[in-house]
Structures are given as C-alpha cells and as structure tokens.
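Undergrad: First, the structure itself, so that you have it in front of you.
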Amino acid sequence: MFDNLSDRLSQSLRQITGKARLTDDNIADALRDVRMALLEADVALSVVKDFVDQVRNKAVGQQVTAALNPGEVFIKIVHDELVHIMGDANDALNLATKPPAVILMAGLQGAGKTTTVAKLARLLKEREKKKVAVVSADVYRPAAIAQLETLAGEVGASFIASSADEKPVDIAQRALKEADKQLADVLILDTAGRLAVDAEMMAEIQALHQTIKPIETLFVVDAMTGQDAANTAKAFNDALPLTGIVLAKTDGDARGGAALSVRTITGKPIKFMGIGEKTDGLEPFYPDRLASRILGMGDVLSLIEEAERKVDKDKANRLAQKMQSGRKFDLEDFRDQLQQMDNMGGVSGMLDKLPGMGQIPQAAKAQVNDGQFKRMGVIIDSMTVKERRFPDLINGSRKKRIADGSGTQIADINRLLKQHKQMQKMMKKVSRKGGMQRMMRGMQGLPGMQAPGGPAGMPPGMRRR
C-alpha cells in the first residue's frame, strides 16, 4: 500500500546525504518533497503541516554525531515523527472484564467489516487462546449473516444465529446471554453498515452500544478510501465512544494516507491492519514497524513472528533430519518449501519486510511473480509419487505427460527440474558444517530469487546499486 509513498520519501531523503550539517537551506528541498509525497498519499493537509513543522524544528541545527551522517539523522527524525503521528506504540485490545468481553464492530458497508470479525475471532482464538462467539446484527443484509456463519465455521468460532426479522438490539441481548451460557471469553458483534453515514444508522448503533456496553468498540475502515477513511472514522467517533480503529484492505493499491491521518484526526489508536481476504490476514498495528517499512528499512520483527506462526515446524524438522542423514532433497520436499513460502505471503508479500527493499526500483519489484510458485506446485502435483521422489526418471515422454496434465509447456517442466537441481545442491551445502554460509552463496537456486548477474538472494531484476 505504501510503495509510492516509500519511493518518494526515499528519493527525498537521499538528497541530503553527505552534508556536514543540517540547516534550513539544505533540508528545504527534502522537506518540500516530503510534503508533496504525503499529500499525494492522501494524508490530511493538517496532519502534513504539523508533521513537516515538527521535522523541520527537530532537524535544523542537529549536529552530526560520530556514528551518523546528516542524512541518517534526518531519516531518524522523519521515522520518529511518522511513528508519533501513527500512535507511538501498539495499543492492544482490552479484554479485562467479566466474560464474555464484548467487542462491537462498526463501519460502512463494503469496508470489510464481516471479514474482519472472522479474522479477529481467529487471531483471538489462535494467539490469545480465547473461546470466541460471533453474531451478526446486520438485519438489512441476510447475506451478511450467512457470510459470517460460513466464516465462523472456517475459523472455529461459535456462531450465534440471527435473522432479518429480528431487531438488532434483541439480537445483541440474546447473543450476550447465549455467549454467557457457552462460557465464551469473547463475543464479537457485527453491525449493519451503510453506503454513507446517516442519522438512522448512528441511532441504531448507539442503541446497540448502550444495550450491551462493549469493552471495545472498533471502527473498521477501508484503507483504500484514503483521506475519506479518516473523515468517516471521525464521524463515527463523534457518535460512538470508539476505542480503536482497524485498517482493512491495506494490501490494496492505495495511497496509504489513512494510516497516517486517522490516528491524529480521531485521537483513537489504530489497533489492527487487515491484509488480504484470508482469515489469517489480520495483524496488530505497530507504528514503529510500519514507519520502518515506509522508509524502506524493512520489518524483520514482523517477518520473524509470521514465520513462527506459519512455518510448519514438523515438516522443517523432518527435512533437516533427512538432509543430515545424507538423503537427497526431492520434488516432494521442493513442493513443501513452495507451500511454506506461499503461507508466508509469497516473495512479494515478504519484500517490504526486508531491509533495503525500499531502494529497489518498482520496475524490478514488478518482476517478482508469485504465480510461478503456484504453477510449479501444479506441475509437481501432476507427477507420480515415484517421479517426485526420483526426478532423474523424468524423460521426454514423461515430461510431455506432466505438461499435458498440468496445462503447461515442456519448457516449464525443464525449468522446474533445473531449479530443483540448484535447490538440491544448496540444501546439500546447508546440511554440512558451515552450511548456512554456503546456502547464502547458493541462493540463486531459489526459483524467482535470482536474476542473471544479480546478487545471491535477490529477486529477479534486483541488483544492489
């Protein structure tokens, strides 16, 4: 979501490197570019003005320290101000009440509210070990009730039924009693949305709030709506005692201004970011990590946490033992590795979390295509078990059969087998003493992770400058 903003800021900040001292004159151009980059990202004008003023006040007169050059001093100031306007620190959910703790979800229609309910239920269930019940009070869209029932089944949450002929307040009261009977730790209430803020909608959700007295009232906002997201959040905040914001659809092709505006305009913390349609696509909002990503510094902590949750440790251990015993890395192992990478969001999903990726041109990033990983998986699935375990058996006639079965070309089969060979050599090096260093030198074996003549471990077209 922040690619354009990140590119513009990176270009601006590079202009002041090499200066002996930060002065009003030599940061004026950089600040002008920062201001334009933020405005183009749809950040609210009042927020931009305050941001630029704060950066200027802190930057002018800063002495160059022994460890940092002026550019780094300036970048740190910009980073710290980005963190500040987004909330300084993560603000966790408050569930410290007699169960069930009620979370009321508000937002406009189409903002991703129902999907966010399911995502939050899954997060609480898997990471907080909570028993979660969900209910829909959206009596205007029966499809929303059915959607939540389906999603609740997917994430393992208890679904409390409701129907379009009930009053929202009655649904909420009944759901609270039912959740109590089920000994649920948390009850998440999905409310009706509208295409725009109106008096009837606000009166209804205010009545719901007064009836069930939720400990958390979260406003779900579509991050792709830009500055309108912050304005809509303010309208809800004026009508409801919001406790936090959820930015949905942050993986879309948006300008990103909502994340930088909504905290300042509403005065309420951003608690979560929604990424993608999958029910595991909800992450706690960390202003410092997002600021680092915007400035191209990466977000290694989030990457490590994601790996801890999503990488199949049993498979990883079995593969390690297999390599140490001297057995070969076969195509079934290769498919498992492709699946693990897909679980992590693919290469493209990991790029903005890696330090230094902000310096990579957009044209180079565009060459990273996760579709090739899925295609490789389809090809391997079209093979027999024997072929997967003994790839050397795959001759011309077998390649034709595999290509026909997977809807690909023989050239695709040859490419896959070549990349598997490279990966096999790399895994062999890893299993020896000092294997990690050998692996890093052999990263060109990873599919989609090496351009001809490029450095090890870099995606196609990405070369250090």
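Values quoted throughout were computed directly from the atomic coordinates according to the rules given, and no laboratory measurement underlies them. If you're wondering where the values come from, they're calculated on a predicted model, not measured in any experiment. Note that each Cβ is placed from the backbone with ideal geometry, even for glycine, and that neighbours are counted across all protein chains shown.
Undergrad: With θ set to phi - 60°, apply the Karplus curve 6.51 cos²θ - 1.76 cosθ + 1.60 along the stretch 239-247 and write out the HN-Hα couplings as whole Hz, x wherever there is a Gly or Pro.
TA: Here the 3J(HN,Hα) series is 9, 10, x, 4, 10, x, 10, 10, 8 Hz.
Undergrad: Of LYS58/LYS278; LYS249/LYS386; LYS278/LYS386; LYS49/LYS213; LYS249/LYS425; LYS125/LYS374, which ones are farther than 32 Å apart at the Cα?
TA: On the way: LYS58/LYS278 42 Å; LYS249/LYS386 43 Å; LYS278/LYS386 34 Å; LYS49/LYS213 38 Å; LYS249/LYS425 40 Å; LYS125/LYS374 29 Å.
Beyond 32 Å between Cα atoms: LYS58/LYS278; LYS249/LYS386; LYS278/LYS386; LYS49/LYS213; LYS249/LYS425.
Undergrad: I would also like to ask the following. Could you give each residue of the stretch 211-221 its phi-based ³J(HN,Hα) in whole Hz, using Karplus coefficients 6.51, -1.76, 1.60 with θ = phi - 60°, and x for Gly or Pro?
TA: With the stated coefficients, the stretch 211-221 comes to 6, 9, 6, x, 7, 10, 10, 9, 9, 8, 10 Hz.
Undergrad: Give me GLU200, GLU283, GLU128 sorted ascending by neighbouring Cβ count inside 10 Å, so fewest comes first.
TA: Values: GLU200 9, GLU283 18, GLU128 13.
Going from least to most buried by this count: GLU200, GLU128, GLU283.
Undergrad: How do ASP222, ASP251 line up, fewest other C-beta atoms within 10 Å first?
TA: Numbers: ASP222 23, ASP251 17.
With the fewest neighbours first, ASP222, ASP251 line up as ASP251, ASP222.
Undergrad: Using Cα-Cα distances under 8 Å and only pairs 6 or more residues apart, what relative contact order does the stretch 101-297 have, in percent? Walk me through the numbers before you get to the answer.
TA: Working: 396 pairs, mean separation 48.4, N = 197.
Value for the stretch 101-297: 25 percent.
Undergrad: Quick query: amide H of GLY107 versus all other amide H atoms, modeled in the peptide plane; which residues come in under 5 Å with a sequence gap of 5 or more or a different chain?
TA: Residues meeting the amide H criterion: VAL220.
Undergrad: Along the stretch 170-178, what does the Karplus equation 6.51 cos²θ - 1.76 cosθ + 1.60 (θ = phi - 60°) give for ³J(HN,Hα), rounded to whole Hz, x for Gly and Pro?
TA: Those phi angles translate into 5, 4, 5, 5, 5, 5, 5, 5, 5 Hz.
Undergrad: Can you list the residues, at least 5 places off or on another chain, whose amide H is less than 5 Å from the amide H of ILE270, using H built in the peptide plane?
TA: ILE245
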